Every structure is written in structure tokens, then in C-alpha cells.
Amino acid sequence: MTAQDTPTAPAGVPETARALGIMQGFPPPRDKRPTLTNWDLPPYNRWSFRNMHRLFPTADVFRGTGPESNLRETPAELDAIPVRTENGETPGLSHFLQTVYADGIIVLHRGRAVYERYFNDMAPHSLHLSQSVAKSVTALVAGGMWSDGLLDLDAPLADIIPELKDSGYADATLDQVLDMRSGVRFTEDYNTPGSDMTRIDIASGWRPADPAEGRPTIREVILSLPKIRPHGGDFDYRSIETDVVAWVMERVAGDDLATLLGTRIWQHIGATRDANFTVDEDATALADGGFNATLRDYARLGQLVLDGGRAGDRQLVPQAWIEQMRAGDPSVFGPPWSDNFPNGAYRRFWWIRDADRGDICARGVFGQFIYVDPESDLVIALVSSWPDYLIAEYTRNTMRAFDAIRDALGA
């Protein structure tokens, strides 16, 4: 498939990494190089999200030797469709995307690629960091293993991983953790000194370690977390839950996460190229946010979900698992998450935008999305480099853009 030409950027949109001089020159100036303290913050993330393999050690997810799948291009004229933002403005879609720091978007409707645009020097072959979209990808692998009888969703985790017996996760179950309803403490405060999220960033190699304390591993952080409430309560977003599930999957299967994703999914969807996970000093993949792939391959994952977990003649993820992903409970899903998704929920590491409609999405900080709407036969993959981790207005306006695309397609 050939990407359509992207219109010239309108005046006033954020500058690209190249225009900002990030990593330009041989060597680039020191003040234009990402470091462990700033690589994911503006302006450096405009370059680093597309170049994680040049900043951190990674484990490849092998695509196999088969051909790239045909996305069956049927272009639609969507650049100028109006996106009505919260402040009442109506920029055209292409203009809107550039104002919210998009790096690329692809839309699949009725199984065909109808719209594909790249910005900020991204290209169809470029890998892009997915942040917490990685959680949803990991859960698809878990679904396949569950279908094969390898995962017991109701067993206490310490029965599977004895090392967890003294941690908060000892008596939690996979069912609870996959829905982020365990009772374990985890402070999801980004880039805040001392928070559990920052401890994971340090463990994964994404932040500098304190020389006096050294660098823990991802699993050492897991083992340190206490239980602070009964398991099975309300949803509470905690990235570490995905790393716990990945540990269980690896222990049961006897293979690492990158290999499991490759053999169970990646080699069967006609991926454009190998993907990868960033890894810690023990070569443990950062399951909660370290996954990198091309935009087209994120779209292929969305299409896999839309098709009920089936790719060609292979059932890679059971239909029952996909149905579980779409059937969350809004009564245990409160603020601040319901501020963006008022009738939303969370299930199997996927966000449910509207529990009645059953449209779902994988989401990552800084503007990463795989949106799947079975009712409209629609998949949208979007990758970005927002200037901050969470921007609620950007999230809501992005959903408005997705709705504008759906309406324009008559979906």
C-alpha cells in the first residue's frame, strides 16, 4: 500500500523534530540530544518516540518470513472534514491532527485502508513507541494462552509464581489484575520523584538511577508493592499490573514476551516489519509501555480485534476473549477516567469508550491510540508526541475527530 501525500503543514502547527534541530548534525549539538532525563518530554520526544531502538536496549518481535498483508487501499477524501473541538473551532482533519502533535494516522473501514497520513518525518516503515498500547497488545497474547488452557484466571498468583508470596499480589488473581482491580498499591504519577511509576521508569532504564540505590529490575519493583485494599474492588489504573501478567505468561510458557507475541500473533498478521520491546537489565520486556511497531501494524492489530481475533484462517485470539474486552462494568469505573469516557469501562487491558456501543481502544500517554468500533466496521490507529503525558482536552478532541471520520465515511 502506498501512503497518500500529506498536505503542507498549515502555519502555527507544532514544529517537527527536524525543524527544531533535534538530533540533526554529525554529531548533533549537545542541547539537541535526548537524555535519560528529557527524552520523553518536549521537544525531544518528537524524535525519540520514533527512535527508541537508538536510545534503549530492545528485544525484537520477529515478523516471520511471510508476505506483508495487503491493506487494500481505497482512498477517501478526509483531509478537510471538519473536526468540531471543545472550544468550538472546526479545523479540517489534517490541520487538527498536526495541532495535536500527531505523527501518523491510518483508518481502516470495512477492512480497507481509506486514509493514511504521516507527519514529523514519520514514514510507513517507521517504528513508533506505543506507551500503554503495549498493555492491550500483551493482553491479546494472554487471551490466546487462556484459550489454550495455559492460564488459570482464578488461581492466586503466588501459586503460579512462588516469589510473589510476600508481595501484595500473592492472593490476587489474573482475572483481577487483567482488569486492574487488584488491591495493590501503585502510584501512577508520571515523572514524579519517588512515585512507583518513576521507580518502574528507573527499573526499565528509562530514567537515571540514584547511584546510592542502584537500578532495580522491573520484577524487583513488583515484589516490593504492598496490598492496601481487598482485591476485586473498583478499577484503579496501575501500569505495573501488565508487567505482573507478563511475568505469569513467561513463567507458564517458558518463553519471553517478545517471543510469545511473535509466535502467537506477529508472524500471522502480515506485519510490515519486526516490532520490539524495550528491556531492563535482566532483559525483561517493559510490557506496560515499551512496545514499538509501525503504524500499519498497529492498524493490523486493531483489525485483528475487529475480526474477532481471527487473521486469515487462524484464530489467534479467542472470540470469547474479544467479547470480554468489550463487556466492562461502568459501575466500577469512576473519575478521573470517566471524565473522558462517561459511560466507559476497562476490561482485559482495553478501554471501553461506551459500554452500550461496545467500541474500545488501546491508549497510551502522549497520544497513542488503536480505536476499534465493530458497529461501524472501523479501525483507527494514531501515534503522536504530545507535549505532556496526559492532556484531557486532546483526548476528548481526538475522540471527536474519530467521530467525524466515522460520520464522513457514513459508518
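Quick notes on this structure:
- Residues that are crowded, with 20+ Cβ neighbours inside 10 Å, of a type outside the set (A, V, I, L, M, F, W, C) and touching a Pro at 6+ places or on another chain (Cβ under 9 Å), drawn from the range 96-128: GLN98, TYR101, GLY104, TYR115, GLU116, ARG117, TYR118, ASN120
- Any chance ASP171 is at pLDDT below 95, under 28 Å from GLY232 (Cβ atoms) and surrounded by fewer than 20 Cβ atoms within 10 Å (Cβ to Cβ): no
- Filtering the range 232-265 to residues that are in a helix (DSSP H, G or I) and more than 25 Å from ASP179 (Cβ to Cβ) leaves THR259, GLY262, THR263.
- Residues that are of a type in the set (S, T, N, Q) and free of Cβ contacts under 8 Å to residues at least 40 places away in the same chain were ranked within the range 136-195; the one that is nearest to GLU241 (Cα to Cα) is THR187.
- The listed residue being surrounded by fewer than 21 Cβ atoms within 10 Å (Cβ to Cβ), touching a residue at least 24 places away in the same chain (Cβ under 8 Å), among the acidic types (Asp, Glu) and touching a strand residue (DSSP E or B) at 6+ places or on another chain (Cβ under 9 Å), out of ASP243, ASP256, ASP234: ASP256
- Scope the range 201-221; condition closer than 20 Å to VAL245 by Cα, out of contact with any Lys or Arg (no Cβ under 9 Å at 6 or more places or on another chain) and either among the hydrophobic types (A, V, I, L, M, F, W, C) or at pLDDT below 95 (or both); matching residues: ILE218
- Any hit, the range 156-165, residues being within 20 Å of THR284 (Cα to Cα), of a type outside the set (Asp, Glu), modelled with pLDDT of 95 or more and assigned to a loop (DSSP other than H, G, I, E, B): yes
- Matching residues in the range 8-61 - criterion: being within 27 Å of GLY262 (Cα to Cα) and either in a loop (DSSP other than H, G, I, E, B) or of a type in the set (A, V, I, L, M, F, W, C) (or both): ASP40, TRP47, PHE49, ARG50, ASN51, MET52, LEU55, PHE56, PRO57, ALA59, VAL61
The values are calculated or read from the model by the stated rules, or taken from the named source; none is laboratory data. Computed from a prediction, not measured in an experiment: that's the story for all the values here. Reconstructed Cβ throughout: ideal geometry from the backbone, glycine too, with neighbour counts over all protein chains shown.
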